[in-house]
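Q: Here it is: the structure, laid out below.
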Amino acid sequence: MTERNATESTTPARNRLKTAASARWNDERSAEMWGRYADDVTQHDDRQAWEAIITDVVGEEPQQVLDVGTGAGFLAGLYAGVGHDVVGCDFSESMLDQARERAARDGFEATFTAGDAEALPFEDASFDVVTNRVLIWSLAHPGVAVREWHRVLRPGGQVVLFGNHPEDPTRSVGERAIRRLYGLALRVRRDGAATNLDDRTQREWNDAKTDLPFRHAPPSKIQALFDAAGFHETRVLDVAEEFDQWRTVGPWNERVPWHVVTGHKPD
Ligand SMILES: C[S@@+](CC[C@H](N)C(=O)[O-])C[C@H]1O[C@@H](n2cnc3c(N)ncnc32)[C@H](O)[C@@H]1O
């Protein structure tokens with residue numbers, strides 16, 4: 001771990017957040033759930049839409065890609081499917097097991113390795129693309145993480161972040177109200193007997209996650225973080241239209257406006 005990372009990681013409250021996150025993501029049921037989410041999208045028509053966006057953003061030339069917080073290998077499988085060399089990295093061994101199983105079953109090639117998004121186990125300048133999907137909201141130290149992504153990129157390399165924003169202004173007030181009620185109902189159910197994780201892990205995560213610095217962060221906040229980390233030509237790609245046509249992961253099976261935030265490491 002670099003001196004800078006060590007300094008920024010020592011806040012006890014943030015470290016407690018990270019411990020709760022680690023327990024939550026390491027739970028096998030959580031990994032199975034993310035495996036199912038990944039299959040939902042990649043085994044249906046949506047796959048083509050994702051591949052089109054990826055090719056649009058990173059081009060057709062094969063790149064060395066790092067998928068950080070790869071989970072069950074959702075993005076890893078998509079990048080590999082369009083010809084890139086992919087390493088998927090995650091701090092949850094349960095997720096990595098899922099990712100390896102999916103790769104073997106679906107016949108895509110990627111290397112899956114254990115590693116912390118905030119202290120990556122890779123040399124400086126190892127990758128052409130660092131990518132991730134719905135990761136940043138869950139990090140205790142997003143600023144540290146983004147600087148790590150910058151470090152492992154080659155000069156000229158690109159960061160490509162996929163996310164969705166629950167309070168997206170394109171949603172109507174009514175839709176947002178229904179989502180809030182639904183979220184509340186889910187939470188009541190989760191905090192009762194019918195949880196999908198063990199009660200203690202779930203409770204600790206539910207308590208901790210309200211303090212996550214980038215939970216519900218709009219893409220403009222992520223872009224500002226990329227700027228502060230030294231990325232150039234940062235952009236928020238307006239893909240709401242394209243992504244809105246798709247089914248998405250999650251209990252609603254709903255349509256969610258996704259965003260892509262990108263930037264380049266200077267040459
Ligand atoms: C919401 S899931 C998304 C999984 C995957 N990217 C996808 O789109 O299906 C978040 C993932 O990030 C991983 N993760 C969270 N914090 C991490 C960290 N500090 N280092 C590495 N992985 C992390 C979790 O284990 C989990 O697999």
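Q: Quick one: is Arg102 within 12 Å of the ligand (Cβ to nearest atom), modelled with pLDDT of 95 or more, in a helix (DSSP H, G or I) and among the basic types (Lys, Arg)?
A: yes
Q: Same structure, new question: Could you please find all residues in segment 107-131 being touching a helix residue (DSSP H, G or I) at 6+ places or on another chain (Cβ under 7 Å) and within 14 Å of the ligand (Cβ to nearest atom)?
A: Hits for segment 107-131 are Ala110, Phe112, Ala114, Ala117, Glu118, Ala119, Leu120, Phe122, Val130, Thr131.
Q: Looking at Leu96 and the list (1) near the ligand (Cβ under 9 Å from one of its atoms); (2) without any contact (Cβ under 8 Å) to a residue 60 or more places away in the chain; (3) part of a strand (DSSP E or B), which single condition is not satisfied?
A: Evaluating Leu96 over (1) near the ligand (Cβ under 9 Å from one of its atoms); (2) without any contact (Cβ under 8 Å) to a residue 60 or more places away in the chain; (3) part of a strand (DSSP E or B) leaves (3) as the failure.
Q: To continue, here is another question. Restricting the search to segment 104-126, which residues are in contact (Cβ under 8 Å) with a residue 60 or more places away in the chain and crowded, with 23+ Cβ neighbours inside 10 Å?
A: Residue satisfying the conditions is Glu118 alone.
Q: Here is a check on your reading of the model: is Asp39 modelled with pLDDT under 90 and within 19 Å of the chain's Cα centre (by Cα)?
A: Judged against the criteria, Asp39 is a match.
Q: Could you count how many residues in segment 222-237 are under 11 Å from Gln158 (Cβ atoms) and either assigned to a strand (DSSP E or B) or small (Gly, Ala, Ser) (or both)?
A: The qualifying residues number 4.
Q: If we keep just the residues of segment 4-36 that are modelled with pLDDT under 75 and under 15 Å from Pro142 (Cβ atoms), which is surrounded by the fewest Cβ atoms within 10 Å (Cβ to Cβ)? Please lay out each step first, then the result.
A: Here is the first cut: in segment 4-36, the residues modelled with pLDDT under 75 are 4-10.
Pick out the ones that are also under 15 Å from Pro142 (Cβ atoms) and you get 4-5, 8-9.
Numbers: Arg4: 12, Asn5: 19, Glu8: 16, Ser9: 17.
Going through the qualifying residues, I end up with Arg4.
Q: For segment 74-83, check the following and say yes or no: at least one residue is outside any helix (DSSP H, G or I), within 9 Å of the ligand (Cβ to nearest atom), at pLDDT 90 or above and not hydrophobic (A, V, I, L, M, F, W, C).
A: no
Q: Can you tell me which residue is farthest from the ligand (Cβ to nearest atom) among those in segment 132-162 that are hydrophobic (A, V, I, L, M, F, W, C) and assigned to a strand (DSSP E or B)?
A: Only one residue tops the list, namely Leu153.
Q: Of all residues in segment 48-73, how many are in contact with a Leu (Cβ under 7 Å, 6 or more places away or on another chain), within 14 Å of the ligand (Cβ to nearest atom) and either part of a strand (DSSP E or B) or not hydrophobic (A, V, I, L, M, F, W, C) (or both)?
A: Number of matching residues: 3.
The values are calculated or read from the model by the stated rules, or taken from the named source; none is laboratory data. Just so we're clear, the structure is a prediction, and the values are computed from it rather than from any experiment. Cβ atoms come from the backbone with ideal geometry, glycine included; neighbour counts cover every protein chain shown.
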